[in-house]
1. Quick one: helix 11-26 against the long Cα principal axis of the chain, what's the angle to the nearest 10°, folded into 0 to 90?
2. Sorted by accessible area with a 1.4 angstrom probe, largest first, how do H41, H61 fall?
3. Rounded to the nearest 20 debye, what is the charge dipole size of the chain about its Cα centre when +1 sits on each Lys and Arg Cβ and -1 on each Asp and Glu Cβ?
4. Report the number of Lys pairs in the chain whose alpha-carbons are under 24 Å apart, with separation of 8 or more residues or on distinct chains.
5. What is the chain's relative contact order, in percent, from Cα pairs under 8 angstrom and six or more apart in sequence?
6. Taking the structure as given and computing semi-axes √(5λ) of the Cα gyration tensor in Å, which label from (1) 36, 17, 12; (2) 20, 15, 12; (3) 24, 13, 8 fits?
7. Whose amide H sits under 5 Å from the amide H of T6, counting only residues 5 or more places off or on another chain, with H placed in the peptide plane?
8. In degrees between 0 and 90, to the nearest 10, how far off the longest principal axis of the chain does helix 42-52 point, with axes built from Cα atoms?
Amino acid sequence: MKTILTILGTRPEAIKLAPVLRELDRRSKKFRSLVCVTGQHRELLDPMLEFFGIRSDFDLHVMKKNQR
């Protein structure tokens, strides 16, 4: 079985990748799908992940409070 890691960090990426992730889940006998979020735009990304039912397996938390 092949493992596919999908990395996303922005709202547009979540919107574009939602159908791809859904299809990978549908084919779970052929593919192991893992999702990594960067946390790049947390306030915009989290609502999209919730809306599409995307759960992350890894979260990099790249943005810190008051980061430039």
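1. With both axes taken from Cα atoms, the answer is about 20 degrees.
2. Details: H41 75, H61 100 Å².
The residues order as H61, H41, largest area first.
3. In debye, rounded to 20, the chain gives about 240.
4. Details: K2/K16; K2/K29; K2/K30; K16/K29; K16/K30.
For the chain, qualifying lysine pairs total 5.
5. Values: 94 pairs, mean separation 25.5, N = 68.
Worked out over the chain, it gives 37 percent.
6. Evaluating semi-axes √(5λ) of the Cα gyration tensor in Å on these atoms matches (3).
7. L34, V35, C36
8. The helix 42-52 is inclined about 30 degrees to the chain.
The values are calculated or read from the model by the stated rules, or taken from the named source; none is laboratory data. In this text, all values refer to a predicted model and were calculated from it rather than measured experimentally. Because the Cβ atoms are built from the backbone with ideal geometry, glycine has one as well, and the counts that use them run over all protein chains shown. In case anyone asks, the SASA skips ligands and DNA or RNA and just uses the protein heavy atoms, side chains included. Shrake-Rupley method; radii C 1.70, N 1.55, O 1.52, S 1.80 Å.
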